[in-house]
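Laboratory data are not the source of any read-out in this text; all were calculated from the coordinates shown. Values in this document were obtained by computation on a predicted structure and should not be read as measured data. With ideal geometry, Cβ positions are generated from the backbone for all residues, glycine too; neighbour counts draw on all protein chains shown.
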Amino acid sequence: MPAGRPGPAAQSARRPPRPLSSLWSPLLLCVLGVPRGGSGTHTAVISPQDPTLLIGSSLQATCSIHGDTPGATAEGLYWTLNGRRLPSELSHLLNTSTLALALANLNGSRQQSGDNLVCHARDGSILAGSCLYVGLPPEKPFNISCWSRNMKDLTCRWTPGAHGDTFLHTNYSLKYKLRWYGQDNTCEDYHTVGPHSCHIPKDLALFTPYEIWVEATNRLGSARSDVLTLDVLDVVTTDPPPDVHVSRVGGLEDQLSVRWVSPPALKDFLFQAKYQIRYRVEDSVDWKVVDDVSNQTSCRLAGLKPGTVYFVQVRCNPFGIYGSKKAGIWSEWSHPTAASTPRSERPGPGGGVCEPRGGEPSSGPVRRELKQFLGWLKKHAYCSNLSFRLYDQWRAWMQKSHKTRNQHRTRGSCPRADGARREVLPDKL
Amino acid sequence: MDPQADSSISFLPHLEAKIRQTHNLARLLTKYAEQLLEEYVQQQGDPFGMPGFSPPRLSLAGLSGPSPSHAGLPLSERLRLDAAALGALPALLDAVRRHQAELNPRSPRLQRSLEEAARQARALGAAVETVLAALGSAARGPGPEHSATTALSTANSAASIFSAKVLGLQVCGLYGEWVNRTEGDLSQLVHGGVA
């Protein structure tokens, strides 16, 4: 009896599916008996069994009945595909015991387990079935990107080709090898950061390039991505900075102090960390990002709104690790930490920048000079309780007063460190 | 006071508790079995799951659904049959799971459900056997699972994917039928009391 013929393109691209018997344990093979037809007297066989076809190709199939009852005939048989009866004009009797079917311009399979083509007896009972796999061969995967967390592992992600997974199940295999020597290795831990990703947990070499690629395979063929070459040291990321603390700066209603710890996993390695801070008002979704926080673990946000809750996050980029020239990969953001600015009568400004322990941006150099002066005072004027804290308290007092400042100088005495009423002011101010 | 009588009297509450517990388990698994069947038919595509879909019943050596005469059997015999069927089901459910891993690889939930069903069948079967033993009615010897693994014969024809889908449907259906039957038999024991 004639077998179904897929389109010409499918014949070279198609891989024969694995025999189903190989999927079954001996247990099941030995328990399968002869199917008893719903009519109780005859069964049938569909040919081809479980074919794989290209989208747009044609299929010619047959349903041949084996009759126990004399006179069993194919007359009255009909076909359904995925539960829907096929028009009678698509089928015809080849002979008394065989009903043929011709399908043209096939659509892609509706489910990954194959379309259900069923041959029915006149009374509707099921005589036989065959599963059709209609789809396209995989396209080349592309856009492979990889990163290493603390130089201990490698995770890669890729984009599948356009139609690779739409109609037929496509298997993706990430392969890697050392560029100059060694054998191909296959990644085993898939779907770690999304459906098209794989994680290599260990045994990675540093200071030597890897070649990485992805192979896509389905019933109609295979495709291979371009090769990505990289050194693990050039794609390092790390954990978010731990222990992020956000606190008020005395009574200053437009500032918050942010402190964090550098990621401990990389603390023993030579690298120049970059940090970024982002913050937002509690009921807003718009983050403001502070970029210019380089290699320090504290920062002061200024120009904030008084009496407002802010959420703050920090992330780290360990660029230049072991002399790598690459840009490095930002870590995830730390968990949000919240703090509120003190409340004030006056509305504060809307924006803000990060200052390394600074006040208003314009007083940067003033602040540095003040710091130097305070250091000198401590050494020479026996005023051990002088500090930036007092200076900030003074600024807060000045902001609250709304008046021309009357400055009181006190010579020869040092204020108490806590709640001092008389404050020593640097001469140069 | 007769110490033997004492111990049997004190044993009864434990047995009744065990029966009730096993009955509750069967009732719970009846719900899970319905969900498994729904999930299974959804993944195979139409006409599986359509009203009136009735594929040919394939022969599974040593395991079929509860017979019409099951209800007329003595309770202990019914429970023995329940235990035997529940003992045979895990291997079949495991085989269906392995096959579905190939047919429906993007349906890990179905595979998990099949794996859980095998564990559940094993647990319920063991619990029924415990009840039978406590009642003084031991379960029979090696069940259908054992006889199937020792029988080696080749199939008349290579199994097709469609017949594999049908077989999986049948196994999931049998699981539901036997769990339901077990629940019914145990409820008689719960309400009738331990004789």
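Quick look at the values:
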quantity: Residue-span extension gain [A:Arg343 to A:Glu89] - 0.36 nm each, minus C-alpha spacing; calculated: 83.2 nm
quantity: Spacing of the two label points (7 Å from each Cα toward its C-beta) at A:Ser222 and B:Glu34, in nm; calculated: 4.7
quantity: Mean-position separation - Cα centroids, the stretch A:190-244 and the stretch B:49-118, in angstrom; calculated: 42
quantity: Contour excess over end-to-end distance, with Cα ends at A:Glu282 and A:Glu75 and 0.36 nm allotted per residue; calculated: 67.1 nm
quantity: The stretch A:69-227: radius of gyration and largest Cα-Cα distance (Dmax), Å; calculated: 23.8, 79
quantity: Residues B:Ser187, A:Ser294, B:Ser163, sorted so that the one with the fewest Cβ neighbours within 10 Å comes first; calculated: A:Ser294, B:Ser187, B:Ser163
quantity: Sorted by Cβ neighbour density within 10 Å, fewest at the top, the residues A:Lys274, A:Lys140; calculated: A:Lys140, A:Lys274
quantity: Spin-label model distance (nm) - A:Thr192 vs B:Ser187, 7 Å beyond Cα toward Cβ; calculated: 5.1
quantity: Whether the stretch B:52-104 is rounded, prolate or oblate, judged on the alpha carbon gyration tensor where a/c under 1.5 counts as rounded; calculated: oblate
quantity: Residue order, fewest to most surrounding Cβ atoms within 10 angstrom, among A:His66, A:His335; calculated: A:His335, A:His66
